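Here is the structure we will look at.
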Amino acid sequence: MKNKLKTKIAAMLLSINMLIINAYANAIETDTVGAGTKDLIKDALSFLQLLCPSVAGVYIVYALMRKSAADEADGKMWQKKIITAAICGIAGLLVMSIIKTIAGYYDETVTDLS
C-alpha cells in the first residue's frame, strides 16, 4: 500500500518537473506592449486623481443640500452618506498614490551587473 503511494507521488512529481517551462521578461520596457501599458497606467492614474476628489466633493455638496432640507431621521441618513463619501474620496486617493508609487519602480532602468 505504501509502495503504491510512493510510486504515485514520484510519478506526479516527475510529470510536474517535465512540464515546468522557464520564462524570462528581460526587456519589457523596450517592448511596445510593456511601455504602452506603463504609459496607460500613468495617464489613467493622473486622470483618476483629479476625478475622485471632484466626484466626492460634488456628492458631499449634494448631500449637504439634501440634509438641510430633510427632517431629523433623514438628516442622520444624509450625514452617514457625507461621511461615507469623504472616506471613499480619501481612500481612493490613497489607493491611487500607492499604485502610482509601485508603478514608479518600473521606471528605473536596470543595469547589467555582469
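Every number in this text was worked out from the coordinates using simple rules, so none of it is lab data. Everything numeric in this text was worked out from a predicted model, so none of it was measured. Heads up, the Cβs are rebuilt from the backbone with ideal geometry, glycines too, and the neighbour counts pull from every protein chain shown.
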Would you mind calculating the gained length between Arg66 and Ala86 on full extension (0.36 nm times residue separation, minus the Cα-Cα distance), in nm to one decimal? 5.6 nm
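Within region 28-104, how many Lys pairs sit with Cα atoms under 20 Å apart, leaving out pairs fewer than 8 places apart on the same chain?
5
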Extension length gain for Val58 and Asn3 (0.36 nm per residue less Cα distance), in nm, is 12.8 nm
Just subtract the alpha-carbon distance of Met77 and Ala44 from 0.36 nm times their residue separation and send over the number in nm, one decimal. 8.6 nm
Determine the sum of side-chain charges near Cys88: Lys and Arg each +1, Asp and Glu each -1, restricted to other residues whose C-beta is under 15 angstrom from that of Cys88. +2
